[in-house]
Amino acid sequence: MKLKFVAALLAGSALCIATPALAQEAAQEPQQEPTQPDQSDAAADAAIAAAAPVDDAQAKIELLQAQVEALQEAIEQVKGQMVKVTPSWKGAPQWEDKEGGWSFKPRGRLMYDFATVDSPGDFQNGGLGFSNEVRRARIGVEGTIPGDFGYKFELDFADGVEFADAFLNYKKGPWELTVGQHNNFQSLEELTSSLHSSFIERAAFTDAFGFERRVGVSAQYAKGPLLLQGGVFTDSITDLNAVGDDNNAYGFDGRAVFAPKMGNSQLHFGASAHWRDLNDVPVPRYRQRPAVHTTDVRFIDTGSILGARQETGYGLEAAGIFGPFYTAGEAYWQKVNRSGFGNAGFFGAYADVGYFITGETRGYKGGKFDRVKVLKPFGKGGWGSLGVNLRYDYLDLTDRDAGIVGGKQNAIQASLNWKPTDYLLFGLNYAHIKYDDAAIDADPTAGIDRNYSVDMVGARAQIDF
């Protein structure tokens, strides 16, 4: 390409400086056989081939203009090809052909947790004290397909190999249809990615009541501040494969969100409903760890809920983002319908407040919290983002009328999160948890003690792309 550009310039210069005598001599010289044009740049070759001596000044100018236009067209074609093969950057390289409708982006996350949980009384268990784990280690891809379709596929290697998201979707205007494994519509806290949570673990009721991704078909309508979501779901890919043909559970989930803007402030109000027919799946059991996942000890535990046939759940959500300050809270009621036993009901709730010392704002998008964008990244004139958070977390797994005493927890939690950049986080958490009617006896040798407190200190290192 460079040789053709130089050739074109030399040809144009020769026309400008040629004298009549030289032109006459050139006319008397025998014609040389033309070389074959380079088919990869026909426009530039045609302009060069036309560079014969011309006496008329206007013709010379027109010829030069044609040469320049041909070269510019060739350059623009090269630029267009470069744009298509050069990835943009959004935490990871992203290849996109907007005209064709294709895009491809690798994605992943790595979370490593450290924690210590003290033992109540004389209770001895290897799962308490110091522990650490790879909490999540995911790798996957996402992108779009011609026809307004999209895809997302992600595997988690933290504990064997398990599917996280694995779905296809279709977006057109305010509508989105999804088929595959994805989150059913329970709780602002659950739907917010673990990457953007203010604490190491989500509120206690989300894990205790078994919120998880499940295989299903769903529809979503989003327009202005209104978001409506609903779907029918079976079970997770892992549970479907584990139980096999006997797993015929199915359920329905719906959620409505009203998220108006008031100036620079973002408000959020939501409600959700859940119903699931358990059929032949294993007997449900509600329990929860002490605010960290590195231990398998559960101080509150319903045990197996015999005779369980259906689950019914209702949730309320409220949140607000006001510059560097945010607040959020939820309440959730879970009911289990049983055959041959009395129905059982349980309850969970939390309330959060948080503040960014460095002035950032908590992200919000699509009816859930989103990524915090660092104002002054570390190494680029700043020290990153620094946020502090407080939470009250309540969970009641006791229903004496139904004969279930799983215990209650009242937890006060605090966290300090430092984000040097948008895709890197270091978090420090503390929780003081008071248990009543706990499932574990703290002093089995001296007498029954099921009312006590424990403390947890945990830390997380996290990167994603």
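The set of residues in region 424-435 that are open to solvent by 50 Å² or more (accessible area, probe 1.4 Å) and within 18 Å of VAL405 (Cα to Cα) contains only LYS434. Filtered by the rule that a residue be crowded, with 17+ Cβ neighbours inside 10 Å and in a loop (DSSP other than H, G, I, E, B), region 109-150 gives PRO120, PHE123, LEU128. On inspection, GLY323 does not qualify as in contact (Cβ under 8 Å) with a residue 12 or more places away in the chain, under 26 Å from the mean Cα position of the chain (by Cα) and surrounded by 17 or more Cβ atoms within 10 Å (Cβ to Cβ). Each residue in region 359-389 was checked for being polar (S, T, N, Q) and open to solvent by 60 Å² or more (accessible area, probe 1.4 Å), and 1 pass. Kindly indicate the residue of region 240-295 that is open to solvent by 80 Å² or more (accessible area, probe 1.4 Å) and part of a loop (DSSP other than H, G, I, E, B) and also farthest from SER453 (Cα to Cα) among those meeting that condition. Among them, the one singled out is ASN264. Please tell me if PHE153 is assigned to a strand (DSSP E or B), open to solvent by less than 70 Å² (accessible area, probe 1.4 Å) and either free of Cβ contacts under 8 Å to residues at least 60 places away in the same chain or among the β-branched types (Val, Ile, Thr) (or both). No: the conditions fail for PHE153.
Across region 157-177, which residue is modelled with the lowest pLDDT among those that are farther than 30 Å from ALA351 by Cβ and either under 16 Å from the mean Cα position of the chain (by Cα) or among the small types (Gly, Ala, Ser) (or both)? Even if it seems obvious, please write down each step before you answer.
Start the filter on region 157-177 by keeping residues that are farther than 30 Å from ALA351 by Cβ, which leaves 157, 159-163, 166-177.
This time we only want the ones that are either under 16 Å from the mean Cα position of the chain (by Cα) or among the small types (Gly, Ala, Ser) (or both), so: 160, 163, 166-169, 173.
Numbers: GLY160: 89, PHE163: 93, ALA166: 97, PHE167: 98, LEU168: 98, ASN169: 98, GLY173: 96.
Only one residue tops the list, namely GLY160.
Given the condition under 30 Å from THR421 (Cα atoms), aliphatic (A, V, I, L, M) and in contact with an Asp or Glu (Cβ under 6 Å, 6 or more places away or on another chain), answer yes or no: does some residue in region 309-331 qualify? The answer is yes; a qualifying residue exists.
Could you figure out which of (1) crowded, with 21+ Cβ neighbours inside 10 Å; (2) among the small types (Gly, Ala, Ser); (3) assigned to a strand (DSSP E or B) isn't true of ALA438? Result: ALA438 fails condition (3) only. Within the set LEU226, LEU191, LEU177, LEU168, the sole residue that is open to solvent by 40 Å² or more (accessible area, probe 1.4 Å) and under 30 Å from LEU390 (Cα atoms) turns out to be LEU226.
Among the residues here, LEU428 does not qualify as touching a Ser or Thr at 6+ places or on another chain (Cβ under 9 Å), in contact (Cβ under 8 Å) with a residue 24 or more places away in the chain and over 30 Å from LYS376 (Cα atoms).
The values are calculated or read from the model by the stated rules, or taken from the named source; none is laboratory data. The shown structure was predicted, so the numbers you read here are calculated from the model rather than taken from an experiment. Backbone-built Cβ (ideal geometry, glycine too); neighbour counts: all protein chains shown. Heads up: the accessible areas ignore ligands, DNA and RNA and are worked out on the full protein's heavy atoms, side chains in. Shrake-Rupley method; radii C 1.70, N 1.55, O 1.52, S 1.80 Å.
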